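Here's the structure we're looking at; comments come further down.
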Amino acid sequence: MAGNLQYLKKIPLFAFLDDNQLSEVEKVIIERSYQKGRILFMENEPGEAVFFVKTGRIKVTKQTEDGREHILHFINPGEVFAEVVMFEGGTYPATAEVVEDSTVGMIRNVDMDRIISENSGIALGLLKIMARRLRVSQQQLIELALLDTTRRAASMLLFLAGEQGIPTNKGIEIDISLTNQDLANLIGTSRETANRIINDFKRQKAIEVKKGRVTILDKYKLKSWL
């Protein structure tokens with residue numbers, strides 16, 4: 001990580017630290033590069049470190065009681081994940097998988113403990129990250145309980161467009177390669193149901209799908225399903 005102080009400043013968790021403090025953080029970061037498909041850690045493995053994404057994208061999932069995968073979050077460059085182990089210890093509550101070739105920074109818990117003790121603002125930053133994740137999870141639970149699958153799919157696509165969207169001349173492209181199985185895992189349904197819903201949205205010209213990339217052509221049509 002040598003020479004990456006300017007990059008660290010762009011990570012919200014470390015943005016308020018001065019150069020001397022960032023230099024101390026830099027010393028304990030372990031950087032690794034991973035190819036698509038690599039599992040960083042599995043649900044219920046001992047929680048040993050906090051991670052952040054430098055490049056690429058990470059998918060965080062949890063296995064349901066019936067053995068299906070439920071996608072909790074997509075982690076983008078500059079974002080921190082696995083932060084919960086800093087406060088509750090124990091095991092990782094979810095699985096982290098590389099969905100795009102990625103460079104990831106890792107800070108061991110013992111080093112993060114020291115950093116927090118010397119820079120109390122980082123603890124507040126971690127709590128803010130966890131609070132945001134909790135709000136997203138609560139919204140997902142509400143939608144699973146109250147909305148039918150078509151409404152959940154429309155809501156999730158609009159959410160991803162807001163979080164991961166790139167404006168294009170056609171609309172808003174979701175900057176993730178998203179399969180129908182991924183969408184099914186996001187909204188808690190079968191792949192067959194997700195296929196049907198996606199085809200309905202395409203027929204209505206609300207979305208376009210090319211090479212796994214979804215573009216929102218008409219967000220108002222999607223909103224009409226809510």
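Points worth noting:
- Per-residue ³J(HN,Hα) for the range 18-35, Karplus 6.51 cos²θ - 1.76 cosθ + 1.60, θ = phi - 60°, Hz, x for Gly and Pro: 7, 4, 5, 5, 5, 4, 5, 5, 4, 5, 9, 7, 9, 9, 9, 10, 9, 8
- Calculated FRET efficiency for the pair Gln63/Asp200, C-beta based, R₀ 35 Å, to 0.05: 0.75
- Restraint check, Lys202/Lys223; Lys170/Lys205; Lys36/Lys223, Cα-Cα greater than 21 Å: Lys36/Lys223
- Label-point separation in nm, Asp19 to Lys210, each point 7 Å along Cα→Cβ: 4.5
- Treating each Cα of the range 1-133 as one equal point scatterer and applying the Debye formula with no solvent, the log10 of I(q)/I(0) at q = 0.22 Å⁻¹ comes out as -1.48.
- Ranked from largest to smallest solvent-accessible area, with a 1.4 Å probe on the protein heavy atoms, Tyr7, Tyr220 come out as Tyr220, Tyr7.
- Per-residue [θ]222 nm for the chain (sum of -39500 (n - 2.57) over DSSP H runs n ≥ 4, rounded to 500): -13000 deg cm²/dmol
- Over the chain, the hull volume per residue, using the convex hull of the C-alpha atoms, is 132 Å³.
- Annotation for the range 1-105: GluC sites (Glu not before Pro) lying in DSSP loop with at most 10 further Cβ atoms inside 10 Å of their Cβ are Glu65.
- The H on the amide N of His73, modeled in the peptide plane, is under 5 Å from the matching H of Val60, each at least 5 residues off or on a different chain.
- Anisotropy class of the range 53-103 from Cα gyration tensor, a/c 1.5 cut: oblate
- Span from the the range 146-160 Cα centroid across to the the range 176-198 one, whole angstrom: 11
- Near Ala94, the amide H atoms lying under 5 Å from its own belong to Asn44; only residues 5 or more places off or on other chains count, and H is placed 1.01 Å from N.
- Shown is the FRET efficiency for Met42 and Lys9, computed with R0 = 22 Å from the Cβ-Cβ distance and rounded to the nearest 0.05: 0.10.
- Separation of the Glu192 and Ile30 label points, Cα + 7 Å toward Cβ, nm: 4.5
- For the chain, size of Cβ-based charge dipole, Lys and Arg +1, Asp and Glu -1, in debye: 1160
- Largest to smallest accessible area among Lys54, Lys170, Lys128 [probe 1.4 Å]: Lys128, Lys170, Lys54
The values are calculated or read from the model by the stated rules, or taken from the named source; none is laboratory data. Note that this is a predicted model, so its numbers are computed, not measured. Backbone-built Cβ (ideal geometry, glycine too); neighbour counts: all protein chains shown. Just the protein is used for accessible areas: all its heavy atoms, side chains included, with ligands, DNA and RNA removed. Shrake-Rupley method; radii C 1.70, N 1.55, O 1.52, S 1.80 Å.
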